[in-house]
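Below is one structure, written out as structure tokens, with a few remarks after it.
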Amino acid sequence: MSALNLVPLPVSVDLLGTPPFALDDKVVIVADPAATEVAEVAAKVLSQTTGLTLPVASTSEGGDNAREIRLVLPPQGAVDEGALDMSDEAYRLEVTSDLVTLSATTPRGLNWALATLRQMVTPGEDGGWVIPAVLVEDVPRFPWRGLSMDVVRSFYTVDEVKTVVDLLATYKMNTLHLHLTDDQGWRLEIPGREALTEISGVTAGAGGDPGFYTVEDFADIQHYAAARGVTVIPEFDLPGHTNAATHVYGELTPSGEPTPAYDGAKVGFSKLYPDLPATEPFLRDVINSMAEQTVGPYIHIGGDEALEMDLGNYNELVTMAEKIARETGKRPVAWQEAAGAGLPGNMIYQFWDPRLTREDMAKAVSEGGQLLLSPANHVYFDMQYDADTPHGQDWSGYVELRDSYEWDPVTQVEGVPEEDVVGVEATVWTEYIHGFDAMTYMLLPRLAAAAEVGWSARGALEWESFAGRIAPESAWWNAMGVNWHRSPGVAWK
């Protein structure tokens, strides 16, 4: 392994021992036509790293002194793979004294090559910038590496969400799961159901900000994310966590009266009713609209903390939502409680609460489902670091950086083999996280730990190594202008 400070740790790094690549304003980024969007992202990232403005071109200019950064997208099977399986997220990064080559079979893979390249840019002896001569070959352990972000209890703007996308892409995390509906508010415009955002888009949790995303906003977020290798997944949380809906539509309640707006932090009190005539059309309108607005292949139907519901009603509603979601062509995802509802095969169940039974999840996976790991005691980033943390909560204990790093997704639910684990998704709830400085403070540095757990080979993970490699990343967070926490055990730069 190399002495380079790379996070997450790649599969293979070979320092070539030859002169480095000098990065200056004479360097040109050359991209295949299908890689132009990634090349534009590369120019922005390298400018933020160095202050240089690098032009993007579609063809090489050549010449005796030409130095280029090339983004190459060969067709599948056209890469000299060696021992590396060139999956849709694998990449190869080669640096010589006059050429940097990023190659992959997809634009997403090129984004991950760029993430590694950014970390290798260092000051040269003459005051310029250099990239060491190296060959990196890399592929992730798990296909799903993401963050679930609650924008309901406290709303975050489009630009703030884009900054979170930048952080995800920085560490090769490919999924942003937006928790868009809950008791305290409704955050996505639903054409034909505009009252949801007109009435519940202006409410929030106590101390949080209200707001909502228009159809155009949501499309903008998805396009920005896709250019950086990140898929956006919307969540309509049901059949609990639904007070924002019943606050708008009284016909969703037995009395026919809307429920009051709610700004507290209590969970489990709200619910829908499967036997009311308005319920199924409402679910269909919302799920169909979310699916129509969503570019990616998934939609999250919630399913957690329906604490005051009859189990039969719960199962009926979750089954109804799953059926509607599948009819849209999307693959449904649900929180772990839905594993007991007898849903069809290839559901993805998201494990979050270590206090609850895990047998239902193991059974559902054995019948064709898959498991997404978000254990609160490791990757719930609304959990405080320690007793002095000014934001968040501690119901699952304190979660420091090392707690987010030292765990294995495969050992969390007994009886589920690694091939049925789709990956790792960190989560941040915002009942007690208000403002974007607070958000990034709770994400960083733990987000990078979750990224390495999801990306790197289990046998390669070692705390002391990670602590040394993550320390220099604080300079990047400072360059991005984001707040972060100085976790103990790391010699921060």
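Observations, loosely collected:
- Test: residue in the stretch 171-181 that is buried (at least 23 other Cβ atoms within 10 Å of the Cβ), at positive phi and modelled with pLDDT of 95 or more: yes
- Of the residues screened, V41 is not one that is open to solvent by 50 Å² or more (accessible area, probe 1.4 Å), modelled with pLDDT of 95 or more, in contact with a helix residue (DSSP H, G or I) (Cβ under 9 Å, 6 or more places away or on another chain) and within 24 Å of P472 (Cβ to Cβ).
- D138 surrounded by fewer than 22 Cβ atoms within 10 Å (Cβ to Cβ) and more than 15 Å from the chain's Cα centre (by Cα): no
- Against the test of being closer than 30 Å to I29 by Cα, in contact (Cβ under 8 Å) with a residue 12 or more places away in the chain and polar (S, T, N, Q), the options T197, T163 yield a single qualifying residue, T163.
- Pick from the stretch 74-91, criterion open to solvent by less than 50 Å² (accessible area, probe 1.4 Å) and within 24 Å of the chain's Cα centre (by Cα), ranking: modelled with the lowest pLDDT: M86
- Taking residues in the stretch 402-425 that are part of a loop (DSSP other than H, G, I, E, B), and partners anywhere that are open to solvent by 10 Å² or more (accessible area, probe 1.4 Å) and acidic (D, E), not one pair has Cβ atoms closer than 7 Å while being at least 6 places apart or on different chains.
- Test: residue in the stretch 139-157 that is within 21 Å of P210 (Cβ to Cβ), without any contact (Cβ under 8 Å) to a residue 12 or more places away in the chain and of a type in the set (D, E): no
- The stretch 195-242 - residue that is part of a loop (DSSP other than H, G, I, E, B) and within 16 Å of S148 (Cβ to Cβ) and, of those, farthest from the chain's Cα centre (by Cα): H241
- Set side by side, the residues E425, E473 differ, and just one is buried (at least 20 other Cβ atoms within 10 Å of the Cβ), of a type in the set (D, E) and more than 30 Å from G205 (Cβ to Cβ), which is E473.
- Residue that is under 29 Å from V158 (Cβ atoms) and under 17 Å from the mean Cα position of the chain (by Cα), where the choices are Y298, Y249: Y298
- Taken over the stretch 476-493, residues that are open to solvent by 40 Å² or more (accessible area, probe 1.4 Å), among the small types (G, A, S) and touching a residue at least 60 places away in the same chain (Cβ under 8 Å) amount to 2.
- Looking across the stretch 458-470, just one residue is open to solvent by 60 Å² or more (accessible area, probe 1.4 Å) and in a loop (DSSP other than H, G, I, E, B), and that is E462.
- Restricting attention to the stretch 24-42, the residues that are of a type outside the set (V, I, T) and closer than 16 Å to L93 by Cα add up to 5.
- Y398 in contact with a Gly (Cβ under 9 Å, 6 or more places away or on another chain), open to solvent by 40 Å² or more (accessible area, probe 1.4 Å), assigned to a loop (DSSP other than H, G, I, E, B) and not charged (D, E, K, R): no
- Looking only at the stretch 243-288, residues that are in a loop (DSSP other than H, G, I, E, B) and not small (G, A, S) come to 19 in all.
- Residues of the stretch 1-23 classified as of a type in the set (A, V, I, L, M), within 16 Å of E452 (Cα to Cα) and assigned to a loop (DSSP other than H, G, I, E, B), total: 6
- When the stretch 178-202 is filtered for residues that are touching a Leu at 6+ places or on another chain (Cβ under 7 Å) and within 30 Å of Y405 (Cα to Cα), only L180 remains.
- Counted residues, the stretch 141-163 - those being surrounded by 24 or more Cβ atoms within 10 Å (Cβ to Cβ), within 30 Å of S103 (Cβ to Cβ) and not hydrophobic (A, V, I, L, M, F, W, C): 2
The values are calculated or read from the model by the stated rules, or taken from the named source; none is laboratory data. Please read all numbers here as calculations on a predicted model, not as lab measurements. With ideal geometry, Cβ positions are generated from the backbone for all residues, glycine too; neighbour counts draw on all protein chains shown. Ligands, DNA and RNA are excluded from the accessible area calculation, which covers all protein heavy atoms including side chains. Shrake-Rupley method; radii C 1.70, N 1.55, O 1.52, S 1.80 Å.
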